[in-house]
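Here is the structure we will look at.
The values are calculated or read from the model by the stated rules, or taken from the named source; none is laboratory data. These numbers come from a predicted model, not from an experiment. In this analysis, Cβ positions are derived from the backbone assuming ideal geometry, glycine residues included, and neighbour counts consider all displayed protein chains. Please note that ligands, DNA and RNA were not included when accessible areas were found on the heavy atoms of the full protein model with its side chains. Shrake-Rupley method; radii C 1.70, N 1.55, O 1.52, S 1.80 Å.
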Amino acid sequence: MHYDLIIRHGTCLLPWGEAQTDVAVRDGRIASLDVAITDTAEREIDARHLHVLPGMIDSHVHFRDPGDAGVESIATGSRGAALGGITMAFDMPNTKPAIVSSEMLASKRQTVEAHSLIDMGLYIGATRANTPQLTFLEQEPGVCAIKVFAGSSTGDLMIEDDAGIEAVMRSGHRRVAFHSEDEYRLQDRRKLFETGQPYENHMRWRDEECAFLGTRRIVALAHKTNRPAHILHTSTAEELDYLAEHRDIVSVEVLVNHLTQIAPDCYEKLGGLAVMNPPIRDRRHYEASWKAIRDGRVDVVSSDHAPHPLAAKNKPWPECPAGLTGVQTLLPVMLNHVAEGHLSLARLVDLMSAGPARIYGLQTKGRIAVGFDADFTLVDLKEEREIRNDWIASPVGWTPFDGMQVTGWPVGTIVRGHVVMQDDEICSAPIGRLARFAP
């Protein structure tokens with residue numbers, strides 16, 4: 001048989017376990033897991049001593065496009081993703097202007113198809129004005145989910161009240177993703193904190209109850225409307241324990257930062273480069289997040305990649321904006337957690353490939369199986385590297401993980417059979433497409 005691509009001699013993470021097997025690709029799909037030594041291909045990759053993972057997905061990024069290309073864009077964000085072993089990313093709608101209409105979706109689709117190195121999904125932002133159209137908008141090509149900012153947003157994208165959230169939940173049927181901090185508590189507590197105070201006051205202002213209260217309200221509305229919800233960047237022990245009781249209707253995301261950094265040390269070391277929403281919290285919540293990873297209460301691990309210029313991040317708190325770079329460093333940091341024994345490689349695949357596919361309804365991604373898209377992330381589990389600012393593709397040029405020594409590194413990014421990155425080099429023109437989601 002003759003194929004477009006054969007990956008030989010790798011250790012593949014298949015849905016049924018690890019296996020030493022060759023993988024063949026034809027027309028962008030996985031064509032065979034039973035490749036003969038006599039079979040040929042237009043291109044062959046020797047994956048000896050490497051692990052072949054299903055394409056890694058970052059289901060929570062802010063590529064800032066449309067917006068300011070000097071901060072980030074689809075072109076630069078997808079480049080960073082590909083360098084970091086990510087084959088697909090889901091982009092948030094709080095751009096300038098926001099992605100809240102069919103017209104803006106159409107424009108964003110054109111940008112993805114012209115400039116992205118990886119496949120993408122797009123969130124639609126819920127507003128009070130577009131709520132009646134959400135049933136239609138969630139069916140638009142490439143839409144991964146409706147996104148509701150129930151706290152920590154401005155303008156039209158803020159829907160903080162129960163009536164407004166319930167109206168969104170009654171418009172459509174697909175899973176709704178939530179930033180679930182409680183806006184009323186945030187505003188009530190704002191007066192307690194003034195300019196010039198320590199960066200760690202960010203976590204005191206946006207305290208555990210702020211997150212837990214928001215999540216309890218959303219879970220209640222999910223049950224009331226029988227609409228599945230997804231709690232983004234879950235950050236507290238209280239939320240994780242509570243959500244375990246509501247797995248029938250709510251899924252859970254945890255960010256790599258909440259699995260890696262611990263307050264107050266991170267604020268003392270990084271200053272504004274540790275400021276994100278919800279905030280990085282203390283060791284109790286860090287340990288609770290890992291416990292939830294180990295016992296299966298977490299569905300997805302993402303980056304919440306949200307770049308800002310370094311000059312802005314170095315402003316005193318609370319003038320510094322919240323948000324960190326992360327799409328490029330997500331997989332290296334998580335592979336290091338595998339090396340340190342925090343989770344298995346199979347669990348990592350579940351959290352960063354099969355999990356996003358399951359939660360968001362991706363139809364042909366998330367596993368290495370015949371008929372699925374030929375998305376692969378090749379990793380060297382023994383490669384020791386240092387994450388450095390000068391490796392970061394984002395125009396802002398920084399990472400909160402600068403100087404971190406890691407074991408495990410992505411050495412190949414393959415999207416629908418196209419080799420996009422190999423050995424730290426981008427080797428493809430933009431070939432990204434919008435993914436297909438279950439209706």
Task: Under the Karplus curve 6.51 cos²θ - 1.76 cosθ + 1.60, θ = phi - 60°, whole-Hz ³J(HN,Hα) for the range 265-279, x wherever Gly or Pro sits - done: 4, 5, 6, 5, 7, 10, x, x, 6, 10, 8, 8, 10, x, x
Open item on the list: Relative contact order for the range 368-439: what percent, with Cα pairs under 8 Å and sequence separation of 6 or more?
Closed with: 30
Task: Beta bridges by DSSP in the chain, antiparallel share as percent, to the nearest 5 - done: 45
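Mind checking the per residue accessible area of the chain for me, 1.4 Å probe, whole number of Å²? Don't skip to the answer; put the middle values down first.
On the way: 16070 Å² over 439 residues.
For the chain, the solvent-accessible area averages 37 Å² per residue.
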- [ ] Can you tell me how much longer the chain between residue 113 and residue 170 gets when fully stretched, taken as 0.36 nm per residue apart minus their C-alpha distance, in nm with one decimal?
- [x] 17.3 nm
Task: Estimated 222 nm signal from helices in the chain, with DSSP H stretches of n ≥ 4 weighted -39500 (n - 2.57), rounded to 500 - done: -7500 deg cm²/dmol
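Let me check something: with ligands and nucleic acids excluded, how do 334, 104 order by accessible area (1.4 Å probe), largest to smallest?
Result, largest first: 104, 334.
Expressed as a rounded percentage, what relative contact order does the chain have, with Cα pairs under 8 Å and six or more residues apart? Intermediate values should be presented prior to the final figure.
Values: 1075 pairs, mean separation 95.1, N = 439.
Contact order relative to length: 22 percent.
With all protein chains present, how much of the accessible area of the chain (probe radius 1.4 Å) comes from carbon and sulfur, to the nearest whole percent?
Details: 8040 of 16070 Å².
The computed percentage sits at 50.
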TODO: In whole angstrom, note down how far apart the Cα centers of the range 278-353 and the range 206-265 are.
DONE: 15
TODO: Could you give the spread of the C-alpha atoms of the chain along their three principal axes, from largest to smallest, in whole angstroms?
DONE: 71, 46, 42
Open item on the list: 5 Å is the cut-off here: which amide hydrogens, built 1.01 Å from N in the peptide plane, fall below it relative to residue 416, excluding neighbours closer than 5 in sequence?
Closed with: 374, 375, 376
Open item on the list: Could you check the spin-label model distance between residue 161 and residue 247? Points 7 Å from the Cα along Cα→Cβ, value in nm.
Closed with: 3.7
TODO: Please work out the C-alpha center-to-center distance from the range 43-107 to the range 145-192 and express it in whole Å.
DONE: 24
- [ ] For the range 201-216, take each phi angle, set θ = phi - 60°, evaluate the Karplus expression 6.51 cos²θ - 1.76 cosθ + 1.60, and give the result in whole Hz per residue in order, putting x for glycine and proline.
- [x] 5, 4, 6, 6, 5, 8, 6, 4, 5, 4, 6, 5, 5, x, 5, 4
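Given charges of +1 on the Cβ of Lys and Arg and -1 on the Cβ of Asp and Glu, with all other atoms neutral, how large is the dipole of the chain about its Cα centre, in debye to the nearest 20? Mind dumping the intermediate values first?
Working: 45 positive and 60 negative charges, 152 e Å.
That gives a dipole near 720 debye.
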- [ ] Would you mind checking which residues have amide H under 5 Å from residue 437's amide H? H placed 1.01 Å from N; only 5 or more apart, or other chain.
- [x] 142
Task: Nitroxide proxy distance, nm - points 7 Å out along Cα→Cβ at residue 27 and residue 39 - done: 1.6
Task: Two-site FRET efficiency, residue 20 against residue 422, from Cβ-Cβ distance with R₀ of 25 Å, rounded to 0.05 - done: 0.75
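So if R0 is 51 Å, what FRET efficiency would residue 187 and residue 344 give, r being the distance between their Cβ atoms, rounded to the nearest 0.05?
0.75
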